[in-house]
Amino acid sequence: MGADTHLPHCVAVNGQFPPGGFVGGVEQFVHSLLGALGALEDGDERYVVVTMPGFEHHPSFRVGARIRTVPGFLRPGRRFRVVELLPPGLFRAIKKLGLSLCPSSLQTLGAGGPVVPDGSFFDGLGAGVVHFPFQSFFRTTAPTIFQPHDLQHLHFPRFFTTEELTTRERVYPEACAAASAVVVEARWVKKDICQTFGIADEKVLFIPIGAPGGAAALASDASPSRSRHTGRFVFYPAQAWPHKNHLALLEALRLLHDRDGIALDLVCTGRKTSFWPTIAERVARLGLRGRVRFVGYVEAGELAALYRDALAVVLPSLCEGAGQPLLEAFEHGAPVACSGTTSLAEYAGDAALLFDPEKPAEIADALRRLVQEPALGEQLCSAGHARSAAFSWERSARTYRALYRELAKWPMTSEDHSLLREARS
C-alpha cells in the first residue's frame, strides 16, 4: 500500500477485528469514534482504517467521506470466526502453529519475536499519526497512540491463561513506554496506568466516551418497537467473559426469589465465549433455566427495545475501563444498578444504584429496591438523562483530533489546546 501523499493530514486507525459483536465493547468504541470523527465538518483530516482482510467494505467502517479502509494483514474474518470458536487449548495450538509457519502475516503484539513488533505496514500508509484503539501495538516511524483501556489482567489474573498473562505483562509496559501518547476513558484507569508503569501523568490522556453511536437516535424514536421478551425482566448487555460476573448476578436472582419472594427474569445479550458452559451450568444448578435467557448478539433495534422494556439494566462487571452500556441505558431512559468499582462508578455518578459486585446479596438488594420502589426508578431515569448530557462523542472526537494534530505537528486551534489541557488534567 503506497503512501497517501495526496492527503497531507492523514491518520491511520488500526481496526483489525471482525465486526458483528465479536469483540464487544472495543468494537462499539471504534465504530462510535469513527462515526464521530467522520461527522466533524471542520478540519481537513482524513482517516485510513486498517481492517481485517475481507472486512474493508463492511458498512461498520464506512462512516463518512473522510474515512476510507484498507485491508490489513491478519487472517480473513471468516476463518477468524471459526478458529476463535474452537476450545481455547486447540485455538492456542493452531495460533502457535500459524505463527511458526507464517509469522509476518499472523504476528501480533507480544506473540513471538519482539515485544513491540515492527510496524512497517503502517509506515507504508503515509499517515501522520497511527492510532491503536485496542490492545495491539506496533513500532512505527510516525507518532503513535496506544489505548490499553484497562489493566484487568493485573487485578484479576485468574481470568487469564498463563500465556495471556505473560504476553500482557510483557507488552503493556513497553507499549505504554514506546507510544507517543496513551489514551484511556476513565480517570481510574489513568491513575492505575501511571502508578503501575511509572508513566508520566501528562503522557496519559483521559478522554471520556459517549453512548455508543446511534443510541440517542434510537432512544428518541417516536414509534419504538417492543422486544420479543415479555414479563418483568432485568437486562444485562455483556459478552460471557468471567469478569462480566454473570455468576454473581445469577446468585442474586436466586437469593431475590428465596429471600424476598420476588421472581425476576434476566435477559442477556452478547457473544457466548469459552466461559459460557460455566454460566450455563450455574443457571441449571440454581434452577433458573426458565427465568434466564441468553440471546446472543442482537441488532440495534432489538437492543433498543430491550433497554426500553426492561425493568432495569443491571451491570455487575468486576472490571471496566469505561461505561458504554451504562451511558446507553441512560440514553434509552432505563434505570440502572451497577458495580460501584473501577470505572463504572465514575461514569454513573449519582444516576445509578451502586453495589459491591462480589456480594450477590448487595446485587439482590438493589434489584429488590427497583422492584418495590417505582419512584426510585423514575428518579434514576431522570438522573441518568441528565448525566448522559455530560458525555458527548462529538467532544470526544474533537479531543482525539486535537491529539492527532499535536502529535503530527499539524496546525492547532485554541479549542484544540483547551481540550488537551483538560484531557491531561
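The values are calculated or read from the model by the stated rules, or taken from the named source; none is laboratory data. Quick caveat, the model's predicted, so the values are computed rather than measured. Cβ atoms come from the backbone with ideal geometry, glycine included; neighbour counts cover every protein chain shown.
Is it true that some residue in segment 244-251 is modelled with pLDDT under 95 and either basic (Lys, Arg) or more than 25 Å from Asp365 (Cβ to Cβ) (or both)?
no
Being buried (at least 18 other Cβ atoms within 10 Å of the Cβ), modelled with pLDDT of 95 or more and of a type in the set (Phe, Trp, Tyr) is the filter here; which residues of segment 133-159 pass it?
Passing the criteria: only Phe146.
Taking only segment 296-319 into account, find how many residues are under 27 Å from Phe156 (Cα atoms) and modelled with pLDDT under 95. Break it down stepwise before answering.
Taking segment 296-319 as the starting set, the residues that turn out to be under 27 Å from Phe156 (Cα atoms) are 296-297, 313-319.
Filter once more, keeping what is modelled with pLDDT under 95: 296-297.
Total meeting the criteria: 2.
Quick one: is Leu326 within 20 Å of the chain's Cα centre (by Cα), buried (at least 24 other Cβ atoms within 10 Å of the Cβ), within 19 Å of Ser392 (Cβ to Cβ) and in contact (Cβ under 8 Å) with a residue 24 or more places away in the chain?
Taking the combined requirement at face value, the residue satisfies it.
Name the single residue that is nearest to the chain's Cα centre (by Cα) among those in segment 12-64 being among the acidic types (Asp, Glu) and either under 23 Å from Ala300 (Cα atoms) or not assigned by TED's automatic domain parsing to the domain that holds Thr140 (or both).
Residues of segment 12-64 that are among the acidic types (Asp, Glu), as a first pass: 27, 41-42, 44-45, 56.
Imposing the further condition that a residue be either under 23 Å from Ala300 (Cα atoms) or not assigned by TED's automatic domain parsing to the domain that holds Thr140 (or both) reduces the set to 27, 56.
Working: Glu27: 6, Glu56: 21 Å.
Ranking the qualifying residues of segment 12-64, first place goes to Glu27.
So that you can scan it fast, the table gives a plain yes or no per residue for (1) outside the structural domain of Val129 (by TED's automatic domain parsing); (2) assigned to a helix (DSSP H, G or I); (3) under 18 Å from the mean Cα position of the chain (by Cα):
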position: Val171; (1), (2), (3): no, yes, no
position: Val182; (1), (2), (3): no, no, yes
position: Trp188; (1), (2), (3): no, yes, yes
position: Leu205; (1), (2), (3): no, no, yes
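State whether one or more residues within segment 192-199 are in a loop (DSSP other than H, G, I, E, B) and surrounded by fewer than 21 Cβ atoms within 10 Å (Cβ to Cβ).
Yes, some residue in segment 192-199 is in a loop (DSSP other than H, G, I, E, B) and surrounded by fewer than 21 Cβ atoms within 10 Å (Cβ to Cβ).
Can you confirm whether Gly270 is surrounded by fewer than 17 Cβ atoms within 10 Å (Cβ to Cβ) and closer than 20 Å to Arg228 by Cβ?
For Gly270, the condition - surrounded by fewer than 17 Cβ atoms within 10 Å (Cβ to Cβ) and closer than 20 Å to Arg228 by Cβ - is not met.
Quick one: count up the residues across segment 407-425 that are in a helix (DSSP H, G or I) and either at pLDDT below 95 or of a type in the set (Asp, Glu) (or both).
The total comes to 3.
Can you name every residue in segment 57-68 that is closer than 17 Å to Leu33 by Cα and without any contact (Cβ under 8 Å) to a residue 40 or more places away in the chain?
His58, Pro59, Arg62, Val63, Gly64, Ala65, Arg66, Ile67, Arg68
Filter segment 338-365 down to the residues that are aliphatic (A, V, I, L, M), under 20 Å from Val189 (Cα atoms) and buried (at least 24 other Cβ atoms within 10 Å of the Cβ) and list them by number.
Leu344, Ala348
How many residues, within segment 239-262, are crowded, with 19+ Cβ neighbours inside 10 Å and on the phi > 0 side of the Ramachandran plot?
So the count comes out to 1.
For segment 9-121, give me every one of the helices (runs of 4 or more DSSP H) that falls completely inside it and has 2 or more residues that are at pLDDT 90 or above, surrounded by fewer than 18 Cβ atoms within 10 Å (Cβ to Cβ) and not acidic (Asp, Glu).
Details: elements: 25-39, 77-84, 88-101, 103-106.
Where helices (runs of 4 or more DSSP H) fall fully within segment 9-121 and carry at least 2 residues being at pLDDT 90 or above, surrounded by fewer than 18 Cβ atoms within 10 Å (Cβ to Cβ) and not acidic (Asp, Glu), they are 25-39.
Could you tell me which residue of segment 129-164 is nearest to the chain's Cα centre (by Cα), considering only residues that are among the β-branched types (Val, Ile, Thr) and under 17 Å from Arg401 (Cα atoms)?
Result: Ile145.
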